[in-house]
Amino acid sequence: MDDAGRYRLTLTMGGRRTMRGWWATEETARRQIPVWVRDWGVLGALITLVDTADGTVIHRWPEEP
């Protein structure tokens with residue numbers, strides 16, 4: 001688990017990680033998803049929410065078909 005928080009959002013653009021954020025609760029991290037999508041959700045962007053305790057991907061934008 002990351003020291004900064006259990007739930008990590010990552011923004012990847014063009015295959016490169018460009019931004020990360022950590023939150024202690026899943027609820028708080030989930031509230032950030034629409035903000036990140038609004039601000040950085042462009043063609044080629046990938047936003048993922050991961051539970052760092054076990055590596056589970058909780059949410060992915062855009063969603064896989």
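Only one residue in 8, 17 is open to solvent by 70 Å² or more (accessible area, probe 1.4 Å) and charged (D, E, K, R), so which one is that?
Numbers: 8 fails: open to solvent by 70 Å² or more (accessible area, probe 1.4 Å).
One residue alone meets the criteria, 17.
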Suppose we filter the range 1-43 for residues that are part of a strand (DSSP E or B) and of a type outside the set (Ser, Thr, Tyr); how many remain?
11
Residue count, the range 51-61, condition surrounded by 10 or more Cβ atoms within 10 Å (Cβ to Cβ) and farther than 19 Å from residue 31 by Cβ, comes to 1
Pull up the range 24-49, narrow it to residues that are in contact with a Leu (Cβ under 8 Å, 6 or more places away or on another chain) and hydrophobic (A, V, I, L, M, F, W, C), then point me to the one that is most open to solvent (accessible area, probe 1.4 Å).
40
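The values are calculated or read from the model by the stated rules, or taken from the named source; none is laboratory data. Quick caveat: nothing in here was measured; it's all calculated off a predicted structure. When we count neighbours, we look across all protein chains shown, and the Cβ atoms used for this are built from the backbone with ideal geometry, even at glycine. The protein model used for the area step is the full one, side chains on, heavy atoms only, and it has no ligands, DNA or RNA in it. Shrake-Rupley method; radii C 1.70, N 1.55, O 1.52, S 1.80 Å.
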